[in-house]
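Data first, discussion second: the structure below is written as structure tokens.
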Amino acid sequence: MIFASTLFLGYFLPVVLGVYYLLPAAGRWRNRWLLVASYVFYGWWDPMLLPLLFGLTLWSFGFAWLLGRADFTAGRRKTLLVLGVSGTLVALFFGKYFGFACENYDWLAARLGWDPAPATRWALPLGISFFTFHAISTLVDVYRRIAKPMESLADYACYLAFFPQLIAGPILRFGPIAPAFTARTHAWSQVASGLGLFALGLAKKVLIANTLAPVADLAFNARQLDAGLAWFGLLAYAMQLYYDFSGYSDMAVGLGRMFGFEFPRNFNAPYLAESVTDFWRRWHLSLSAFLRDYLYIPLGGNRHGLARTAANLLVVMLLGGLWHGAQWTYVVWGLWHGLLLVSERWLGGRAWYASLPRFFRVLCTFGLILIGWVFFRSPTLGAAFAYLRALVDFVPAGAAPAQWLGAELFTAPYVAIVGVALGLAWSRRRAHDWSMPLTGRRALLCGVLLLLSLGVLGAHKANPFLYFQF
């Protein structure tokens, strides 16, 4: 079940929202209902995944309760933290990286004459990258005494499984969000704002991201490209990824508002960034903050000299790349961003093009981000480097496949959609802020976009969000 589907929009959400507001606000009935709905939502993909989610809930809840005890020594609490986080990371490794480790072991074994690894593979559990991070956030925040452990297992299970953010975030850090699971306020203006933001996110996904998906697929799956086609396909993918993920985030934040929660903003016009450092202050903000507070700062941050800072940045970005996917293209993507961040730190926190006018600073940053997206989108490193070569191949290919591909890509509708997407991405309007408060005119526009999106969904098969694979 995905947000951009008639099943979710026509059945699941109206039932969950209607029953939620029919239940008494006092007590924990609404949380219990959200927990049941969230397990149904997750189990709809594969009921066999529910034991993993529930097992991780019990594990982190138990360790959080132990960490919250006041009579434990500092050494015992640290040991408990290491055990709790290690167990969570083991679940993440076997759920997401075991197959990747076996593939690399088999590659090495074939060259050294070793026996191959046992043929044990399984599908990636949906959302595991996000709910394991939520469990780690719980343990670390309780250990740091930023928050107290929840008293109710059901409330905590609701936090870990809450369906708006379960599959693809945003990452809800335990400390700031935990109080809302025991007491929160509800207002119809908040519900209306949530509906408006959800409609904007749905329009981003259905009207822009889904429309540009065929362009990106054609370009990255092509055997022959010249520079014009390669750059157009890369632009289409950059817009597809941004509107797909920011659209999902807007829908998730909007759904949270409908149920009385205020989730953190996850995007802040990232393609207006004037440096790569600035980009990471705007892109996937919940992940950036998580990596900063739970990895970069514990590693030492920038407190031990420039060389140590550079090493910490590279480690964080390499692990951030690997978090996105168990393949070497994501590792190289993380390394690319890590090297760019290190170079800017080396220059005193400024990009090498910082003296240029703002328009060119934005353009240079966007170009560096686009190069990284080549690795992010390509299935293999070989395919990524082939695409990079195509970006500088300004000699027309002239062969029939390239001519046919150009006719498929350079159509007026696709060019128009890319242009609109770029214009909106470089504008100063933010859906997150624009929907609060939701005025009459804004509500009308959101209603039109919602109806249009529903019409498109009814005519086409819905496709999953890109970040589901992470």
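The values are calculated or read from the model by the stated rules, or taken from the named source; none is laboratory data. Fair warning: this is a prediction, and the values are worked out from it, not measured in the lab. Glycine also receives a Cβ, built like all others from the backbone with ideal geometry; neighbour counts cover every protein chain displayed.
For region 141-153, indicate whether the set of residues that are over 19 Å from the mean Cα position of the chain (by Cα), over 25 Å from ILE297 (Cα atoms) and either modelled with pLDDT under 90 or buried (at least 17 other Cβ atoms within 10 Å of the Cβ) (or both) is non-empty. Yes - at least one qualifying residue is present in region 141-153.
Under the condition of being in a loop (DSSP other than H, G, I, E, B) and touching a His at 6+ places or on another chain (Cβ under 9 Å), which residue from region 260-312 is farthest from CYS158 (Cα to Cα)? Once the filter is applied, the top-ranked residue is TRP280. The set of residues from region 343-363 being surrounded by fewer than 18 Cβ atoms within 10 Å (Cβ to Cβ) and within 27 Å of the chain's Cα centre (by Cα) comprises SER343, ARG345, GLY349, ARG350, LEU363. Annotation note: of HIS304, HIS324, the sole residue that is buried (at least 19 other Cβ atoms within 10 Å of the Cβ) and of a type outside the set (A, V, I, L, M, F, W, C) is HIS324. All told, LEU7 meets the bar of being exposed (fewer than 13 other Cβ atoms within 10 Å of the Cβ), hydrophobic (A, V, I, L, M, F, W, C) and farther than 24 Å from THR182 by Cβ. Look at (1) surrounded by 21 or more Cβ atoms within 10 Å (Cβ to Cβ); (2) of a type outside the set (A, V, I, L, M, F, W, C); (3) assigned to a helix (DSSP H, G or I); (4) not assigned by TED's automatic domain parsing to the domain that holds SER453 and you find that PRO176 fails only one, number (1).
Taken over region 420-454, the criterion of being over 23 Å from the mean Cα position of the chain (by Cα), small (Gly, Ala, Ser) and modelled with pLDDT of 90 or more is satisfied by GLY447 alone.
Do the conditions hold for ALA183, that is, is it crowded, with 19+ Cβ neighbours inside 10 Å, within 22 Å of ALA37 (Cβ to Cβ) and not charged (D, E, K, R)? So ALA183 does not fit the description; no. For TYR105, indicate whether it is surrounded by 21 or more Cβ atoms within 10 Å (Cβ to Cβ) and not charged (D, E, K, R). Answer is no for this residue.
Restricting attention to region 333-380, the residues being at positive phi and out of contact with any helix residue (DSSP H, G or I) (no Cβ under 7 Å at 6 or more places or on another chain) number 1.
MET1 satisfies every condition listed in (1) under 23 Å from LEU207 (Cβ atoms); (2) crowded, with 19+ Cβ neighbours inside 10 Å except (2). The set of residues in region 77-122 that are in contact (Cβ under 8 Å) with a residue 40 or more places away in the chain and closer than 25 Å to MET48 by Cα comprises GLY84, VAL85, THR88, LEU89, ALA91, LEU92, GLY95, LYS96, TYR97, GLY99, PHE100.
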